[in-house]
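Notes follow the structure.
The values are calculated or read from the model by the stated rules, or taken from the named source; none is laboratory data. Every value quoted in this text rests on a predicted model; they were computed, and no experiment measured them. Using ideal geometry, Cβ is built from the backbone for each residue, glycine included, and neighbour counts are taken over all protein chains shown. The accessibility values were calculated without ligands, DNA or RNA, using every heavy atom of the protein model including side chains. Shrake-Rupley method; radii C 1.70, N 1.55, O 1.52, S 1.80 Å.
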Amino acid sequence: MSPRIAPLPLSWGLLLYSVVSLVFFNLPLLSFVLKENGGFGMAFSVCVAYICATNMVFVALSVLGLVVLRFLLALFSLLNALALYFVGTYHALLTREMMGNVLRTNFNEASAFLGGHLWAYVLLGLVVGAVFWVLPLKTAPLRNKAYFFLGSGLVFALWGAIHTKQWLFFDRHAKTIGGLVAPYNYSINTARAALLSLKKTPLKRFALVPLQAQGRVVVLAIGESARRANYGIYGYNKPTTPKLQELLNHHEILALKATSCATYTTAALSCILNAKRGYENLPLFLHRQGVKVVWLSLNDGPPPMDVDWSPPLLELHRWFRQVGLDPKIIDYDEALALALPHLLARYPKDNLLVILHLKGSHGPLYVDKIPKDFAPFKPICTHNELDACQSAALINAYDNTIAYNDRVLDLAIHALHHTPRQAVLLYMSDHGESLGEHGLYLHGTPYLIAPDFQKQVPFIVYLNPAIKTSLQAKPIKPNYHQDVIFSSVLHAFGLQKSPAYNPSLDIFQ
C-alpha cells in the first residue's frame, strides 16, 4: 500500500492558501506598488497585510466545516483567476462602480470578453482550486482557530504600528489597491454595489407646467464609448467624420466640446438624464408633461421606465422588419436612424422625445459594432484581448466605429432636415475610451485618475430649418458638461417655467 499523506494542520493549510493566492493572483497589486515607487519595503508590507487578512477571513469561514471551507477555497481560486484575467488583460480596477457594471451586464455584452487567454486563466483557477479541494487538512478545535485568528490579527496590528509612515501610501492609493487585491476587490465591491442598488428611495417629482410647444421633435442620441480625440471634426488626423465635417462646413451643425461626469455608462447616463439627485429623470418627467417619449436601443435590456414606447430587442427587430428596413442592418445603429421617419409618422402631431442609446464604440470587440462590409481603415484588430493587437490595428478598428457613427448621425440629421416639423438633434457620448495609452484599455478607470481620453466626449447639435426661427444656440463655450442636456431639452419643448429648468445649464436662447 502507498503511504497516505499526513493531513496538514488547518493553520498551515490556510497559511499556504494565503501565500499561493498572493503569488498567483495578486501580482498586479505588487506591480502597482513597485510602479508607484512604494519600494520593496512597501511591497513586503502589502504581502504581510494580505497574508494576515486572508488567514483571518478563511479561518473565520472554517467554523462552517472543512467541506464548506474546501469548497470556498476552490471557488475563490477560480474567481481570483477570472479577476486576474480582467485586471491583467484590460487593466481594469474591480471597484464598486465596476462591479456594479458587471451586475448590470447582459450576456451579449459579457460574451464579447470570452475567448483568447481567458481559458488559460480558468484552467489556472481550476488547478489551484482542485489542489485545495483535495488537500488533507486536520480539523482544529475552536480554541486553536481563535488563536490563529488573533495571532494573524496581532501580526497585522504590530506590523502596521511599526510602519506607520507607510499608511500615507495606502491612504493615497486606497481605491486602486482596493480594486486590485483579490478576492476582496470583486467580493466586497460586488456586495457594496448590490447593497447600493437596494437602497433605492421613491423618486421625487417635479411640478408640471403648461407645454409651450406644439408638435416639436427632439432626438437625443447618446453615444457609447466615443472619445472626442478620434473625431475628425475636432482635429483628428484621420477622416473619421467626413459627413459631419461637410455639415459643419455649411454651418448646419455645432461641434461642441464636452466632458463626461463619469467613465462608466450608468453614472454618465444619470448625469445626462437627471437634473437633481433623487428626482425623476428626463424621460419620466417629460412623459408626465404630455410629451410622447420613445427609448430605442439595440443594447439588450433597456432600463425600465414609464414612457410611451421602450421596446425590448426582439420587439424592436420585429418592428424594423415591419417598416421595411434591410434585415442586414437591423442589428446596427444605422437602423435606429433609418427608423426616425417611421417614428415621426407614428406620432404625427405630438411633442416627441426620441432617445437613441447607440451601440457606438463599445469594446472590446469594436468590429461587432459595425456591419461586416464597413471598414474604411485597415488593418483592423478583431481580437477581444486588446493588448494582443498591434496599436495601429486597434486604433483602426475603433476609428471604424467613429466613422460608422458619422454615417448614423448624418442619416438622423437627414431625416430631421426633411420633416416640416420643428426638430432638434443632440448627440453626446456617455464617456470616452482608452486604446492602450498608459497601458489602459476600454473605460471605467476611477474618475480622479482616468485619462482625458475617457472623459472628453463629442457634443453635436443640429437645428432643422423649421425650428431655427424660434430656437437658436447661445454663444459657444469652450467646454460643456453632461448636465446641460436636461434643461436644453426642456427649452426645446418650451418648458422654461418648469421648476426642473436651470437657465445656466441651457445651451439655447
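On a 0 to 90° scale, report how tilted helix 66-90 is relative to the longest principal axis of the chain, with both axes built from alpha carbons and the result rounded to the nearest 10.
Approximately 50 degrees, to the nearest 10.
Mind checking which of M98, F493, A140 is farthest towards the positive end of the chain's charge dipole, using Cβ charges of +1 (Lys, Arg) and -1 (Asp, Glu) about the Cα centre?
Of M98, F493, A140, it is A140.
Antiparallel DSSP bridges in the chain: what percent, to the nearest 5?
Given both bridge residues lie in the chain, the antiparallel proportion sits at roughly 40 percent.
Would you work out which of H342, S45, M305 lies farthest towards the positive end of the dipole of the chain? Charges go on Cβ: Lys and Arg +1, Asp and Glu -1.
Value computed over the given set: S45.
Note down the magnitude of the dipole of the chain about its Cα centre, charges +1 on Lys and Arg C-beta and -1 on Asp and Glu C-beta and zero elsewhere, to the nearest 20 debye.
Here the size comes out at about 1260 debye.
For the range 415-509, would you read off the P(r) tail past 24 Å as a percentage of all alpha carbon pairs?
37 percent
Which values, in whole Å and largest first, are the semi-axes of the equivalent ellipsoid of the range 168-246 obtained as the square root of 5 times each eigenvalue of the Cα gyration tensor?
Equivalent ellipsoid semi-axes, largest first: 39, 30, 11 Å.
What size of dipole, in debye to the nearest 20, comes out for the range 374-437 about its Cα centre when the only charges are +1 on Lys and Arg C-beta atoms and -1 on Asp and Glu C-beta atoms?
400 debye
Give the ranking of W12, W319 by solvent-accessible surface, highest area first, calculated with a 1.4 Å probe.
If we order W12, W319 from most to least accessible, we get W12, W319.
Once the other residues with Cβ under 14 Å from the Cβ of A255 are scored (Lys, Arg +1; Asp, Glu -1), what is the net sum?
Charge balance in the 14 Å sphere: 0.
If Lys and Arg each add +1 and Asp and Glu each add -1, what is the summed charge of the other residues whose beta carbon sits under 11 Å from the beta carbon of D306?
Net of charged neighbours comes to -1.
At 37 °C and 0.692 mPa s, what whole-number value in µm²/s does Stokes-Einstein give for the translational diffusion of the chain, with Rh from the Kirkwood sum over Cα pairs?
129 µm²/s
Using alpha-carbon positions, what is the distance between the centroids of the range 260-297 and the range 26-59, in Å?
After rounding, the separation between the Cα centres reads 42 Å.
Between the range 371-450 and the range 138-163, what is the C-alpha centre distance in whole Å?
Answer, in whole Å: 52.
Which Cys residues of the chain have no other Cys beta carbon under 4.7 Å away?
By the Cβ distance rule, which asks for a partner under 4.7 Å, the isolated cysteines are C47, C52.
Going toward the positive end of the dipole of the range 209-300, with +1 on Lys and Arg Cβ and -1 on Asp and Glu Cβ, which of V217, L296, I272 do you reach last?
The listed residue farthest towards the positive side: I272.
Which of the peptides 305-315, 453-463, 235-245 is most tightly packed, and how do the rest follow, judged by the mean count of other Cβ atoms within 10 Å per residue?
Details: 305-315: 14.5, 453-463: 22.5, 235-245: 16.5.
Result, highest mean Cβ count within 10 Å first: 453-463, 235-245, 305-315.
In Å, what is the Rg of the alpha-carbon atoms in the range 25-166, and how long is Dmax?
Spelled out, the Cα radius of gyration and Dmax of the range 25-166 are 17.7, 50 Å.
Let me see the pair-distance distribution of the range 9-100: every alpha carbon pair, 10 Å bin width, integer percents in order.
15, 42, 34, 9, 0
With a sphere of radius 15 Å drawn around the Cβ of L344, what net charge do the other residues whose Cβ falls strictly inside it have (Lys, Arg +1; Asp, Glu -1)?
Numbers: positive: R216, K292, R346, K349, R421; negative: D308, D350.
Taking every Cβ under 15 Å from that of L344, the sum is +3.
Extent of the range 358-458 along each principal axis, from alpha carbon coordinates, in Å, largest to smallest?
Its Cα atoms span 50, 37, 15 Å along the three principal axes.
Charges at C-beta only: +1 for Lys and Arg, -1 for Asp and Glu. How large is the resulting dipole of the range 153-254 about its Cα centre, in Debye rounded to 20?
320 debye
Per-residue ellipticity at 222 nm for the chain, helices alone: DSSP H runs ≥ 4 residues times -39500 (n - 2.57), over residue total, nearest 500 deg cm²/dmol?
Mean residue ellipticity, 222 nm, calculated: -14500 deg cm²/dmol.
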